Amino acid sequence: MATPYLQSEPGLNIRAALLDFGLLTLRIVFGGFMLLGHGIPKLRVFASKPSEFPDPLGIGNLASFYGAIGAEVVCAALVLLGLFTRVATLPLIFAMAVAAFVMHASDPFFMAGGAAKEPAMIYLLGSLAIALTGPGRLSLDFLLMRKFMGRPIV
């Protein structure tokens, strides 16, 4: 079975490779930045005192803490790796919607030296883009689906 990289249409090799590299870049940037810039620091700060974590939805501090850590650490790492990518973006989209529209409800949209909705919206829309496009061929999803099902679902 020929892959898109090997088809005879002129320019397809480059276009397909650039698309996959672009999706890999998107996953590395949004998954990696979320994990390293938000998830791990949050885990370090609140791990010893999760009862002090904000409770924006009224579900309890501990549930809010585990939900945020699940999204910003576990799901961000999955997106970074391209493993269960589309499913892993859903908690990130939800967490960033809560951050933008609940936690930062009274803050301005754009950053001007203080708190704002903008960072959460950027992560929300990046995660949405990944959910809609899939992880691309440079992902564990592609490798696993190809190995176990004979064809990738990306």
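Every number here is computed from the coordinates shown, using simple stated rules; none is lab data. Computed from a prediction, not measured in an experiment: that's the story for all the values here.
I want to verify a result. In a Gaussian network model of the chain, Cα cutoff 10 Å, which of these has the top mean-square fluctuation: Phe46, Phe65, Phe84?
Of Phe46, Phe65, Phe84, the Gaussian network model singles out Phe46 as fluctuating most.
For the chain, what does -39500 (n - 2.57) per DSSP helix run (n ≥ 4), summed and divided by total residues, give at 222 nm, in deg cm²/dmol to the nearest 500?
Result for the chain: -17000 deg cm²/dmol, rounded to the nearest 500.
Collect residues whose amide H, placed 1.01 Å from N in the peptide plane, falls under 5 Å from the amide H of Phe53; neighbours closer than 5 in sequence don't count.
Those lying under 5 Å, H to H, from Phe53: there are none.
With everything on Cα atoms, drop me the angle between helix 140-149 and the longest principal axis of the chain, reported from 0 to 90° to the nearest 10.
Rounded to the nearest ten degrees, it is 50.
Roughly what angle does helix 12-34 make with the longest principal axis of the chain, taking Cα atoms, 0 to 90 degrees, to the nearest 10?
Between helix and principal axis, roughly 20 degrees.
Between helix 85-98 and the chain, what is the angle of the helix's C-alpha long axis to the longest principal axis, kept within 0 to 90° and rounded to the nearest 10?
Compared with the principal axis, the helix lies near 30 degrees.
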